[in-house]
Amino acid sequence: MGNELADRKVAEARTTSLLDISIRGSLAAEKTKLIRRDKLWKGSPRMEFPIQAAIHQLRSGNVPLNAFQFKCKRVPYPICLSCGVLETVDHYLISCSRFTKARSAARKILRDERITSITARTLLHNPHAFMATKSFIEISARLPQFQQEDETGGTH
């Protein structure tokens with residue numbers, strides 16, 4: 001008799017009429033959001049660790065550019081050696097004259113993705129722009145992990 005009573009109570013608890021409709025709706029919405037997010041992640045290109053690290057550094061601002069290095073007392077000046085202005089993430093990605101070639105390659109990739117504006121936010125936060133960002137970082141070779149040594153032992 002005890003088991004029958006327990007079975008009835010379980011059956012009562014399972015009926016959907018006892019569930020709050022707002023909870024069911026929000027659960028469905030959350031599930032839909034998770035499915036969309038998973039599709040985005042599975043569809044996004046997986047990048048090599050140096051690129052992932054560079055994007056993270058650029059997003060956080062803790063990046064080996066002169067403005068940040070100056071704050072850490074690692075370089076004597078916070079300015080870009082090519083342009084004479086603060087070498088910030090925005091300057092590096094958007095306006096530094098030294099990286100025009102890298103920026104042109106990134107713009108071409110962005111156009112192919114139908115992205116018209118080139119901003120630091122787009123390059124660092126839009127998953128559809130990551131290939132353009134990767135291209136820019138590799139071609140510019142400004143960050144230490146992408147610099148190549150020449151025959152004399154220096155970097156360029």
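Here, each number is a calculation from the coordinates, and none is a lab measurement. It should be emphasised that the depicted structure is a prediction, and the values quoted were computed from it without experimental measurement. We place every Cβ from the backbone using ideal geometry, glycine too, and count neighbours over all the protein chains shown.
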Virtual spin-label span in nm between Ser97 and Arg8, 7 Å along Cα→Cβ: 8.8 nm
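Can you put Cys72, Cys96, Cys83 in order, fewest other beta carbons within 10 Å first?
Details: Cys72 9, Cys96 22, Cys83 13.
With the sparsest Cβ surroundings first, the list reads Cys72, Cys83, Cys96.
Could you give the length gained on full extension between Asn126 and Phe49, defined as 0.36 nm per residue of separation minus the Cα-Cα distance, in nm? Numbers along the way, then the final one.
Numbers: separation 77, 0.36 × 77 = 27.72 nm, distance 1.83 nm.
Going from the current span to full extension adds 25.9 nm.
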Additional length obtainable on full extension of the chain from Ile35 to Leu86, 0.36 nm per residue less Cα span: 14.1 nm
Stretch gain in nm, segment Ala141-Arg59, where the contour uses 0.36 nm per residue and the Cα spacing is subtracted: 27.8 nm
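Leu123: net charge of surrounding residues, Cβ under 12 Å, Lys/Arg +1, Asp/Glu -1, itself excluded?
Details: positive: Arg59, Arg103, Arg107, Arg121, Lys134; negative: Asp90, Glu113.
Within the 12 Å Cβ shell, the charges total +3.
Mind listing which GluC sites (Glu not before Pro) in the stretch 70-156 are in a DSSP loop and have 10 or fewer other Cβ atoms within 10 Å?
Numbers: sites: Glu87, Glu113, Glu138, Glu149, Glu151; in loops: Glu87, Glu113, Glu151.
Sites meeting the loop and neighbour criteria: Glu151.
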Using the Cα atoms of the stretch 47-156, I'd like the radius of gyration and the largest Cα-Cα distance, Dmax, both in angstrom. 13.8, 42
